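No value in this document is a laboratory result; all are computed from the given coordinates. Model, not experiment: these values are computed from the prediction. Ideal geometry is used to build each Cβ from the backbone, glycine not excepted, and the neighbour counts take in all protein chains shown.
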Amino acid sequence: AENVYSVRVSQSCPETPGQKTKEPFHIPLAIGLMDKNGNDLLVSEEKGTKVLELRKPEETYTFRNIGEKPVLSFLRNFSAPVQVKSFQSREELAFLLAHDSDLFTRWNAASQLSESIILETVQALQRDKLPSLDSCFIEAVGSNLRQTAGDKALLALAMQLPAESYLAMQMDVIDPVMLHHGREFVRSELSKIFSREFHSLYEENKESGKYQISPEAMGKRALKNMALSYLMAGESTSDEYLTLCVNQYYCQANMTDTIAALSSINNVAGSQREEILEDFYTTWKHDPLVIDKWFTMQAVSSLEGTLEKVMQLMHNPSFSIKNPNKVRALIGAFGVGNHFRFHDISGSGYTFLADRIIELDSFNPQIAARLVSPLTTWKRYDSQRQNLMCAQLKRILAADSISGEVFEIVKKSL
């Protein structure tokens, strides 16, 4: 029939020990239908959003008097804690990112679209081809950057690219080097294409007057600092933007802005980075929790020589291998938060982590066991990295007086 649009939704829940058959859940699914101009078609519903009640394994919902084929805005406002199997084209995701009135759906579209673009870039790099960004992605990002009237914190989140550790799990065989370069290529290209927009966002969201912790003020800071991170992206950062970042750090207006400036310069080699890191330590070495951030920042840097720096920081007066917070902030952050440098093809990152696990296991087996996790995904990598990780897991297993906690995790992963 004409002017009829149907949405078919199915649900499933994997079996768990002792419960092979799962009854269907009652799931509220908030959806919207949008026309080609981005207007909501369900005008009789509040905010153009209809809540569907999914109670069976599969149900079909029919909408009548829909004058054109709409774009489906699914799971608005994150109406249910479910995982949605990707079903929309890149063009539809770009449309949602540019036009959806629901900010959660815009963020979700941005995340899915960025993931697709980055993984496509990685594939191009693996084939020694020059990558380029899809025009629909560029247009959607541009449109999103111009829509700053809504929730600024959510817009800032929508502009964050998925982490390398997350993207790695979407690959059949993980290639840490090409994944890093692919993600950085996308960041750098967006930085170049929208440098004017990012600079405007930075200036427009600067705070004046007394520091505030209202949602509006927090949103402005998030958007400003997102813009700064893009301005500082790329192989060569302009002196203008470097000065912007350095000035924000030394302004010391609040810890959010200070850490954001430090984070933005963290992957830019040079004397200014070293001076800022030194200044931060001198200023905050009396506060253990703040210094944890300082350790982590250096552990997750993508710069060459990061592992050597981590080993050097283990001799810093503020670090103690007996302090679990410090271990997590430095050693744990390197293993979990620095996918690119930890998985260096030399295997030095694996050896370093195994050494620390063996050392810690003698007096804190719980922390040692938690540190094993980056090595347990070895089957997802290429054969050379598999062999290197397995060798370290076997070395841990062969260590004298290995604890039950570490033994169980290592044994299960091999």
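Quick one: Cα centre-to-centre distance for segment 307-354 and segment 182-202, in angstrom? Cα centroid of segment 307-354 versus Cα centroid of segment 182-202: 30 Å apart. Using a cutoff of 8 angstrom between alpha carbon atoms and counting only pairs six or more residues apart, the relative contact order for the chain works out to 9 percent.
Show me the trypsin sites (Lys or Arg not before Pro) within segment 116-184 that DSSP assigns to loop and that have at most 14 other Cβ atoms within 10 Å of their Cβ. Hits after loop and neighbour filter: ARG127, LYS129.
Counting every pair of alpha carbons in segment 88-193, the share spaced more than 25 Å apart comes to 18 percent. For the chain, the longest principal axis of the alpha carbon atoms and the long axis of helix 90-99 meet at an angle near 80°. In terms of the mean number of neighbouring beta-carbon atoms within 10 Å, the peptides 82-92, 230-240, 98-108 order highest first as 98-108, 230-240, 82-92. Each of CYS136, CYS245 was scored by other Cβ atoms within 10 Å of its Cβ. Listed from fewest to most, they are CYS136, CYS245.
Counting every other Cβ atom within 10 Å of each residue's Cβ, PHE74, PHE295, PHE363 order from fewest to most as PHE363, PHE74, PHE295.
Classification of segment 176-299 by its C-alpha gyration tensor yields an oblate form. The axis ratio a/c (a ≥ b ≥ c) is 1.5 or more, and b/c is at least a/b. Between helix 383-397 and the chain there is an angle of about 60 degrees, using the helix long axis and the longest principal axis of the Cα atoms. In the set (1) 39, 27, 19; (2) 40, 30, 20; (3) 87, 29, 16, the label that goes with semi-axes √(5λ) of the Cα gyration tensor in Å computed for this structure is (2). Over the residues of the chain, the helix contribution to mean residue ellipticity at 222 nm works out to -16000 deg cm²/dmol, using -39500 (n - 2.57) for each DSSP H run of at least 4. Between the Cα long axis of helix 271-284 and the first principal axis of the chain there is an angle of about 80°, rounded to the nearest 10. Structure note, pairs LYS50/LYS210; LYS206/LYS285; LYS220/LYS322; LYS50/LYS206; LYS152/LYS322; LYS309/LYS394: Cα-Cα distances above 32 angstrom occur for LYS50/LYS210; LYS220/LYS322; LYS50/LYS206; LYS152/LYS322. In percent, rounded to a whole number, the relative contact order of segment 1-85 is 41, using alpha-carbon pairs under 8 Å and six or more apart.
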